[in-house]
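Novice: So that we are looking at the same thing, I have put the structure below in structure tokens.
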Amino acid sequence: MDHLREEYDGELDPALVNPEAPLELLKAWIYDAEQAGLGDPTAMCLATLGPDGAPRSRMVLCKGVDGTAVRFFTNLTSDKAEQLHADARASLTFWWSDMDRSTRLTGRVTPLERDEIEAYFASRPRSSQIGAWVSDQSSPIEDRDALEAKHAEVHARFHDADVPCPPHWGGFRFHAHEVEYWAGRPARLHDRIRLTQRDGTWTKARLQP
Ligand SMILES: Cc1cc2nc3c(=O)[nH]c(=O)nc-3n(C[C@H](O)[C@H](O)[C@H](O)COP(=O)(O)O)c2cc1C
């Protein structure tokens, strides 16, 4: 892999990193990535703490940025959800490779309210709604055939009826207290600007690459 060397040519205008609205630039970067046709512009890596205190990470999709919060949805009996119920501390990282941009957030989660979960679930494609009933996310299953059999059973159970939101399906609101914007620049002199919240006030600092 040593032959792989990327020359970055990104851009980060410090004036756009606003302590009064810390996630405005995140919203703009997601929008830019969508406009540029990047795949999964809302994909983000979510890191949690496992029961042994070791970090665990996986990709999830951002489903809204509001104020200093980011929401995402998942199975509430999954490993990640159990970890977040035990320890609300988490971190999120976005990476838009073709734009040489990344954003990293540190914070804590709170569970979403049931009415918000159900409203979002109702907006999902039917295939995703059925999938939510099929999967006991993060639990072992003997093979692919067993999964397909569960899918066929759930499909038959709902026929043409509306698919209700499973009680085990939900989501979290991640509240950021630290946000770092990164833009790759030539010669590894990347731009990094961090916003940190303490006692309700956000402060801004440029970090060395
Ligand atoms: C691009 C991408 C987006 C994903 N989005 C979600 C998501 O929004 N919610 C989710 O529960 N899993 C999502 N997944 C699957 C998770 O990465 C993961 O496999 C699953 O949630 C189980 O994680 P856990 O065992 O740590 O709970 C996504 C995977 C990828 C690659």
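Novice: Within the bounds of the stretch 107-120, is there any residue that is within 16 Å of the ligand (Cβ to nearest atom) and within 18 Å of Met59 (Cβ to Cβ)?
Specialist: Of the stretch 107-120, the ones within 16 Å of the ligand (Cβ to nearest atom) are 109, 111-112, 116-117, 120.
Adding the requirement that they be within 18 Å of Met59 (Cβ to Cβ) leaves 109.
Yes.
Novice: Let me ask another. Do any residues in the stretch 30-56 that are closer than 20 Å to Phe174 by Cα have Cβ atoms under 9 Å from those of residues that are within 9 Å of the ligand (Cβ to nearest atom) and among the acidic types (Asp, Glu), where the two are at least six apart or on different chains, and which pairs are they?
Specialist: Thr48/Asp79; Gly50/Asp79; Pro51/Glu82; Arg56/Asp79
Novice: Being within 15 Å of Gly107 (Cβ to Cβ) and at pLDDT 95 or above is the requirement here; does Ala47 meet it?
Specialist: On the way: within 15 Å of Gly107 (Cβ to Cβ): yes; at pLDDT 95 or above: yes.
Here the answer is yes, as Ala47 does meet what is asked.
Novice: Does the stretch 141-153 contain any residue that is of a type in the set (Asp, Glu) and assigned to a loop (DSSP other than H, G, I, E, B)? Before you say what the answer is, go through the steps one by one.
Specialist: Step one: filter the stretch 141-153 for residues of a type in the set (Asp, Glu), giving 142-143, 145, 148, 153.
This time we only want the ones that are assigned to a loop (DSSP other than H, G, I, E, B), so: 142-143.
There is at least one residue in the stretch 141-153 that is of a type in the set (Asp, Glu) and assigned to a loop (DSSP other than H, G, I, E, B).
Novice: A follow-up question, please. Yes or no: the stretch 143-154 includes at least one residue that is of a type outside the set (S, T, N, Q), exposed (fewer than 12 other Cβ atoms within 10 Å of the Cβ) and touching a strand residue (DSSP E or B) at 6+ places or on another chain (Cβ under 9 Å).
Specialist: Within the stretch 143-154, not a single residue is of a type outside the set (S, T, N, Q), exposed (fewer than 12 other Cβ atoms within 10 Å of the Cβ) and touching a strand residue (DSSP E or B) at 6+ places or on another chain (Cβ under 9 Å).
Novice: Only one of Gln197, Gln137, Gln208 is polar (S, T, N, Q) and either at positive phi or within 16 Å of the ligand (Cβ to nearest atom) (or both). Can you tell me which? Step through it out loud before you land on a result.
Specialist: Numbers: Gln197 fails: either at positive phi or within 16 Å of the ligand (Cβ to nearest atom) (or both); Gln208 fails: either at positive phi or within 16 Å of the ligand (Cβ to nearest atom) (or both).
Of Gln197, Gln137, Gln208, the one residue that is polar (S, T, N, Q) and either at positive phi or within 16 Å of the ligand (Cβ to nearest atom) (or both) is Gln137.
Novice: Find the residue count for the stretch 75-91, including only residues that are more than 12 Å from the ligand (Cβ to nearest atom) and hydroxyl-bearing (Ser, Thr, Tyr).
Specialist: The number of residues fulfilling the criteria is 1.
Novice: Something else: Residue pairs, Cβ under 9 Å, 6 or more apart or interchain, first in the stretch 59-76 and over 21 Å from Glu180 (Cβ atoms) and part of a strand (DSSP E or B), second β-branched (Val, Ile, Thr) and within 7 Å of the ligand (Cβ to nearest atom). List them.
Specialist: Filtered contacts from the stretch 59-76: Phe73/Val60; Thr74/Val60.
Novice: On to the next question. Run Asn18 past the list (1) in contact with a helix residue (DSSP H, G or I) (Cβ under 7 Å, 6 or more places away or on another chain); (2) of a type outside the set (Val, Ile, Thr); (3) outside any helix (DSSP H, G or I); (4) within 16 Å of the ligand (Cβ to nearest atom) and report the number of the one that doesn't hold.
Specialist: (4)
Novice: Here is a further query. Taking the stretch 190-204, which residues are polar (S, T, N, Q) and surrounded by fewer than 16 Cβ atoms within 10 Å (Cβ to Cβ)?
Specialist: First, pick out the residues of the stretch 190-204 that are polar (S, T, N, Q): 196-197, 201, 203.
Once the filter is applied, which keeps residues that are polar (S, T, N, Q) and surrounded by fewer than 16 Cβ atoms within 10 Å (Cβ to Cβ), the stretch 190-204 yields Thr201, Thr203.
Novice: Now, a different point. Mind listing whichever residues of the stretch 140-157 are under 27 Å from Gln83 (Cα atoms), free of Cβ contacts under 8 Å to residues at least 12 places away in the same chain and not acidic (Asp, Glu)?
Specialist: Pro140, Ile141, Arg144, Ala146
Novice: Name every residue in the stretch 29-62 that is surrounded by fewer than 17 Cβ atoms within 10 Å (Cβ to Cβ), away from the ligand (no atom under 12 Å from the Cβ) and among the small types (Gly, Ala, Ser), in order of residue number.
Specialist: Answer for the stretch 29-62, where residues must be surrounded by fewer than 17 Cβ atoms within 10 Å (Cβ to Cβ), away from the ligand (no atom under 12 Å from the Cβ) and among the small types (Gly, Ala, Ser): Ala36, Gly37, Gly53, Ala54.
Novice: When His159 is evaluated against the numbered criteria (1) surrounded by fewer than 12 Cβ atoms within 10 Å (Cβ to Cβ); (2) touching a Ser or Thr at 6+ places or on another chain (Cβ under 6 Å), which criterion, by number, is the only one it fails?
Specialist: His159 satisfies every listed condition except (2).
Novice: If you scan the stretch 63-74, which residues turn out to be surrounded by fewer than 20 Cβ atoms within 10 Å (Cβ to Cβ) and either over 13 Å from the mean Cα position of the chain (by Cα) or within 9 Å of the ligand (Cβ to nearest atom) (or both)?
Specialist: Listed by number, the residues that qualify are Lys63, Asp66, Gly67, Thr68.
The values are calculated or read from the model by the stated rules, or taken from the named source; none is laboratory data. This one's a predicted model, so the numbers in the text were calculated from it and none came from an experiment. We place every Cβ from the backbone using ideal geometry, glycine too, and count neighbours over all the protein chains shown.
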